[in-house]
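A.B. asks: Structure below; questions to follow.
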Amino acid sequence: MLKEYNYFGPAPDPEVSDRETRKKPTKRAEFLRDLYFEAKSSTSMEFPYWYTRTWEELDGEIPIIRRAEALKSGFEHLTPVIYPKELIVGGKAIYLRGSFPMPWLSEAFYLASEDKLYKEALESGKLTADTVTTMGQGGGNVTKSAGSVISIAGKFGLRKEELPVLIEISKKWKDKSVDDIGHKYEQMVPDYKDKEEIMRSVICMFDSGYTLPQGREVINYYYPLQWGIDGLIYICEQEINKVAGNPDMDRLYFYRSVILVLTGIKNWILNYSKEAKFLATVEKDEKQKKEYEEIARRLINISSRPPENFHEALQMIWLFHIAVLNEDAISGLSPGRLGQILYPYWKEDIDNKTITKSETLELLECLRVKFTEIDCFASTGVVGGVLSGNTFNNLCLGGLKKDGISAVNELEMLILEAGITCGTPQPTLSILYDEKLDEEFLLKGIECTKTGTGYPAWVNNNVAMEFLLNNYGSEGMQPEEARAWSIGGCLETSPGSWMPLTYKNKLYYIPGGSAPATSVGVHFLSLPKILETVLFNGLDMRTNERVFPSHNLKLENYNELWNTFKDYFTRAVDVLARTNNIQHDAWRKISHSIVNSLLKPDCLEKGRDIGQMGSRYNRTFNVESCGTANLINSLSSLKKNVYEEKNFTIDEFRDAVLNNFGYRTALETGSYSLIDQIPSEKFDKYKRIHKYCLEAPKYGNDDTFVDSILKEWEDWFCGMCSNFKSLYDMPLYACQISVSTHGPMGAVTLATPDGRLCGTTFADASMSAYPGTDKNGPYALFTSATCWNHSLSQNSQMNVKIHPSAVKGREGSRKFLELIRAYLRKGGFHLQFNIVDSRMLKQAQKEPEKYRGLMVRVAGFTQYWVELGKQIQDEVIARTEYEEV
Amino acid sequence: MEFKCKDCKFYLAIDVFKGICKLDQKRIFPDDVKCMSYEKIPKCKFCSNFTEEKENLGSCMKNYPAYPDMTAINCQLFQWK
């Protein structure tokens, strides 16, 4: 059905169009990227073994010291791995795409083979999302066990020699992990059972406290860049002298823990230098031998003191990035405005002719490959269902300097160029758009977007600053500091600070993150599924279980329906916020953030880790939603068809939903998009109602009827979040990104009043239209999307698919930039593009082996096509494709 | 004991399936039988403190679980058998 449904504009050429811009990376980066393509996600037990062993040896020690010693042991025992041709070295574990389990966060998942524990976890709703998630079947995912390798979560390979110790170590964390301790106490929340029902119905996707307790934030590299590791240890020693024995003793333990962790990181770096020296001794190729020697020298330098050139600075920030990732399960640790942070080093080198632009480009390409190697080890539901295997290391460009002028520099132009020449999912790029940014830079961004990599995202600088000042003003944020912001994770607006870096006797103010994870809290809430429970008196009709108390209302008018929806949504946020607070409290008491804390202002100044509000800004908990467009279109349909025109009754509609409008379900057909669904024998009975549902006013067409519903929802949602408090006693805020949750959440949701069929994927993001329903072109979509104030929310997200021919040539680039400007000038927050011919994606689905390097934009992140689950692949194919702009 | 590439100090793992020989950059597999250039890398199974108790599991100093294939180049307790 509806084969041309998802196109706007004239039909595309018969020939499948490739992307216009094509450039190649340097030979070195190509070699390293090919090595990456060869590598499978692999996990190992080295770090968790030593962490756990040291933790147990120190039973009875002050918790933060115990944690620090455990981390130190983990770092010191890691086996260093350096690959040929690398210029930037260091990784999370012993493999190229290495990662490791962290059973101190949650161990039940690793014990999944033990039936009883698995069943317990499933019953409590913890693993439900795993069961409805599809993991990408290609690329680097180890989807099946084979030979000496065991597949974990359908993604990670583990050598079978390491399985017994994984089980042994995991058992040691039973009843002691953040998950178990948090679970023990969250059951004391009076309506805890409601939470279990909400999780089981997949109305909520996951608990952030033990799955991804950190991330969705911007790292701050300032402290090691300014002071070096020895300098930071010295600062902590001095602070210990001041605080030891005096009141507020927690500071003593914090400074001691920082010294311990820094010592571990220092030894880890020195172990890498030893490996580089060793490799130099066995290397026959003179050029490679010299490079190993230089790597060793560089590592020795930065193991103790601040970097003295661009390359050393790059190596240092990379190692600290990995060091943070190794202390917790983290997705979305963004490097932030890296081109502005490293500019002082690069400018000095380029002026002194100690580096050239082509050498810089090669280094930046190598950095892209390194970031792409990062894997995050978590459960299927989290890695597949939420993250699509992505790690969201968002690098931001543009924005404003401390004094309010454009922050763009030449190094950022090279970062964009590296994004073009060496297309990789990480780091994804975002342009912090401001009217002050110059045209040359913006057109460079357009050139990059046209490569079809899905980056850069275009993000509204003013909207973000307004959001930050609204939310962090009470903690002292001023407009000048709001300019230091950046994107954490895929699209989380995160506060930053200007840090006074002294380099070669000059003072620079560099931006860096100054808050912990800006996206923890209630994650994610399925809006269409909540509406389903409203329509069915509080029941989840997939499982036939009760989620919310019966409302016993006849839903006789729209207001009754809308108020009941708000009531159920509020109930969900209420219980989830409280249980989540307990989990995060368990996290901060058991699994203190030490590496990330020592980097974040003002933890070192205050002597407190981020779990003790050591950061400058701490109002970082939120409520995340999923399925906005489907909710709005569904409300529109019900309002029009049931309450205004009375085309069918609510009971007739319920019957149609339970029969999936006379179609087979997505589970039966294996296709998760509205396109290509297959009618059943009941098709004729329900086609009239389905037609009304499909023809009801849809979001994205500049239609006041439906846009007013969106505005009412947004104003209410963004306001109600602040009625709930984080464990730091601060109000929550709204966050509106779907990431990949629209796949699994759609999979468990019946047909919806907008005509969407059972099990099919929701619309992506929050401001994207449902595929094929935005029939009036992009400008109408923009008007609909901006009918509300986007600065009320941490973000909003819009993904647009454009056929390559629509933006071809220089004229196409100009039109493209004007299109972006039109949305951002209207107050839209975020815009992102897939420049791709959908037919190419269909070909790639059939012949994935021929498209290993093909990347697409999902919702706030770029991922290799072959590593996406089918739910998301189908949704991206189905998106409306604009043939003209 | 059969010595394999994964037990060699010149083995560089790419992933759980394959690796590179540090001497000639050729692709090799972890379970390949050792070659002439083989040099043992410190691993628990080569350590005098390690006691094997069952398949792929044993103890270190007889008081903490350990696994034979763990690399021990950075272990202060390691002593060649």
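A.B. asks: Enumerate the helices (runs of 4 or more DSSP H) found wholly within region A:330-423, keeping only those where 3 or more residues are at pLDDT below 95.
C.D. replies: Where helices (runs of 4 or more DSSP H) fall fully within region A:330-423, none carries at least 3 residues being at pLDDT below 95.
A.B. asks: Which of the following residues is at pLDDT below 95, among the charged types (D, E, K, R) and crowded, with 16+ Cβ neighbours inside 10 Å: A:D764, A:D703?
C.D. replies: Values: A:D703 fails: at pLDDT below 95.
Just one listed residue meets the conditions, A:D764.
A.B. asks: Sticking with this one: Can you tell me which of A:A280, A:A276, A:A244 is free of Cβ contacts under 8 Å to residues at least 40 places away in the same chain and within 22 Å of A:R297 (Cα to Cα)? Spell out how you get there, then give the answer.
C.D. replies: Values: A:A276 fails: free of Cβ contacts under 8 Å to residues at least 40 places away in the same chain; A:A244 fails: within 22 Å of A:R297 (Cα to Cα).
Exactly one residue qualifies, and that residue is A:A280.
A.B. asks: Then there is this: Scan region A:348-378 for residues that are out of contact with any Leu (no Cβ under 6 Å at 6 or more places or on another chain), crowded, with 19+ Cβ neighbours inside 10 Å and among the polar types (S, T, N, Q) and report the count.
C.D. replies: Summing the residues that are out of contact with any Leu (no Cβ under 6 Å at 6 or more places or on another chain), crowded, with 19+ Cβ neighbours inside 10 Å and among the polar types (S, T, N, Q) in region A:348-378 gives 1.
A.B. asks: What's the total number of residues in region A:264-312 that are of a type outside the set (A, V, I, L, M) and within 14 Å of chain B (Cβ to nearest Cβ)?
C.D. replies: Residues of region A:264-312 of a type outside the set (A, V, I, L, M): A:264, A:266-268, A:271-275, A:277-278, A:281, A:283-294, A:297-298, A:301, A:303-312.
Checking the rest, the ones that are also within 14 Å of chain B (Cβ to nearest Cβ) come to A:264, A:266-268, A:271-275, A:277-278, A:281, A:283-285, A:287-289, A:291-292.
Here the count works out to 20.
A.B. asks: Separate question: Would you check which residues across region A:35-50 are outside any helix (DSSP H, G or I) and within 14 Å of A:G91 (Cβ to Cβ) and list them?
C.D. replies: A:A39, A:S41, A:S42, A:T43, A:S44
A.B. asks: Quick check, is A:G157 out of contact with any Cys (no Cβ under 7 Å at 6 or more places or on another chain), modelled with pLDDT under 95 and not in a helix (DSSP H, G or I)? Explain how you work it out, then say what you get.
C.D. replies: Details: out of contact with any Cys (no Cβ under 7 Å at 6 or more places or on another chain): yes; modelled with pLDDT under 95: yes; not in a helix (DSSP H, G or I): yes.
Yes: the conditions hold for A:G157.
A.B. asks: Go through region A:635-662 residue by residue and tally those that are closer than 15 Å to A:T533 by Cα and either in contact (Cβ under 8 Å) with a residue 60 or more places away in the chain or not acidic (D, E) (or both).
C.D. replies: Taking region A:635-662 and keeping what is closer than 15 Å to A:T533 by Cα, we get A:635, A:638, A:650-651, A:653-655, A:657-658.
Then keep just the ones that are either in contact (Cβ under 8 Å) with a residue 60 or more places away in the chain or not acidic (D, E) (or both); that gives A:635, A:638, A:650, A:653-654, A:657-658.
Summing the residues that are closer than 15 Å to A:T533 by Cα and either in contact (Cβ under 8 Å) with a residue 60 or more places away in the chain or not acidic (D, E) (or both) in region A:635-662 gives 7.
A.B. asks: Further question: Filter region A:25-40 down to residues that are more than 19 Å from A:K155 (Cα to Cα) and of a type in the set (D, E) and give me whichever is farthest from the other protein chains (Cβ to nearest Cβ).
C.D. replies: The first filter runs over region A:25-40 and keeps only residues more than 19 Å from A:K155 (Cα to Cα), leaving A:25-34.
So of that shortlist, the ones also of a type in the set (D, E) come out as A:30, A:34.
Details: A:E30: 16, A:D34: 11 Å.
Among residues in region A:25-40 that are more than 19 Å from A:K155 (Cα to Cα) and of a type in the set (D, E), the one farthest from the other protein chains (Cβ to nearest Cβ) is A:E30.
A.B. asks: Just wondering, is there one or more residues in region A:403-425 that are under 21 Å from A:G869 (Cβ atoms), in contact with a helix residue (DSSP H, G or I) (Cβ under 9 Å, 6 or more places away or on another chain) and surrounded by 22 or more Cβ atoms within 10 Å (Cβ to Cβ)? Give the steps one after another, and end with the answer.
C.D. replies: From region A:403-425, those under 21 Å from A:G869 (Cβ atoms) are A:424-425; that's our starting set.
Pick out the ones that are also in contact with a helix residue (DSSP H, G or I) (Cβ under 9 Å, 6 or more places away or on another chain) and you get A:424-425.
Among the residues that remain, those that are also surrounded by 22 or more Cβ atoms within 10 Å (Cβ to Cβ) are: A:424-425.
Among the residues of region A:403-425, at least one is under 21 Å from A:G869 (Cβ atoms), in contact with a helix residue (DSSP H, G or I) (Cβ under 9 Å, 6 or more places away or on another chain) and surrounded by 22 or more Cβ atoms within 10 Å (Cβ to Cβ), which makes the answer yes.
A.B. asks: Same structure, new question: Given A:P63, A:P103, which one is at pLDDT 85 or above and more than 14 Å from chain B (Cβ to nearest Cβ)?
C.D. replies: On the way: A:P103 fails: more than 14 Å from chain B (Cβ to nearest Cβ).
One residue alone meets the criteria, A:P63.
Rundown of residues vs (1) within 7 Å of chain B (Cβ to nearest Cβ); (2) aliphatic (A, V, I, L, M), yes/no style:
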{"residue": "A:S42", "(1), (2)": "yes, no"}
{"residue": "A:Y49", "(1), (2)": "yes, no"}
{"residue": "A:R53", "(1), (2)": "yes, no"}
{"residue": "A:L58", "(1), (2)": "no, yes"}
{"residue": "A:R67", "(1), (2)": "no, no"}
{"residue": "A:F75", "(1), (2)": "no, no"}
{"residue": "A:T79", "(1), (2)": "yes, no"}
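A.B. asks: Also: Among the listed residues A:E217, A:E275, identify the single one that is surrounded by 24 or more Cβ atoms within 10 Å (Cβ to Cβ), at pLDDT 95 or above and under 34 Å from the mean Cα position of the chain (by Cα). Please lay out each step first, then the result.
C.D. replies: Details: A:E275 fails: surrounded by 24 or more Cβ atoms within 10 Å (Cβ to Cβ).
After ruling out the rest, the residue left standing is A:E217.
A.B. asks: Hey, among A:D207, A:D230, A:D250, A:D180, which residue is more than 14 Å from every other protein chain (Cβ to nearest Cβ) and either touching a helix residue (DSSP H, G or I) at 6+ places or on another chain (Cβ under 6 Å) or free of Cβ contacts under 8 Å to residues at least 12 places away in the same chain (or both)?
C.D. replies: On the way: A:D230 fails: either touching a helix residue (DSSP H, G or I) at 6+ places or on another chain (Cβ under 6 Å) or free of Cβ contacts under 8 Å to residues at least 12 places away in the same chain (or both); A:D250 fails: either touching a helix residue (DSSP H, G or I) at 6+ places or on another chain (Cβ under 6 Å) or free of Cβ contacts under 8 Å to residues at least 12 places away in the same chain (or both); A:D180 fails: either touching a helix residue (DSSP H, G or I) at 6+ places or on another chain (Cβ under 6 Å) or free of Cβ contacts under 8 Å to residues at least 12 places away in the same chain (or both).
Of A:D207, A:D230, A:D250, A:D180, the one residue that is more than 14 Å from every other protein chain (Cβ to nearest Cβ) and either touching a helix residue (DSSP H, G or I) at 6+ places or on another chain (Cβ under 6 Å) or free of Cβ contacts under 8 Å to residues at least 12 places away in the same chain (or both) is A:D207.
A.B. asks: Go through (1) closer than 17 Å to A:I405 by Cα; (2) hydrophobic (A, V, I, L, M, F, W, C); (3) in a helix (DSSP H, G or I) for A:I530 and report which single condition fails.
C.D. replies: (1)
The values are calculated or read from the model by the stated rules, or taken from the named source; none is laboratory data. It should be emphasised that the depicted structure is a prediction, and the values quoted were computed from it without experimental measurement. Neighbour counts are summed over all protein chains in view; Cβ atoms, including those assigned to glycine, are modelled from backbone coordinates with ideal geometry.
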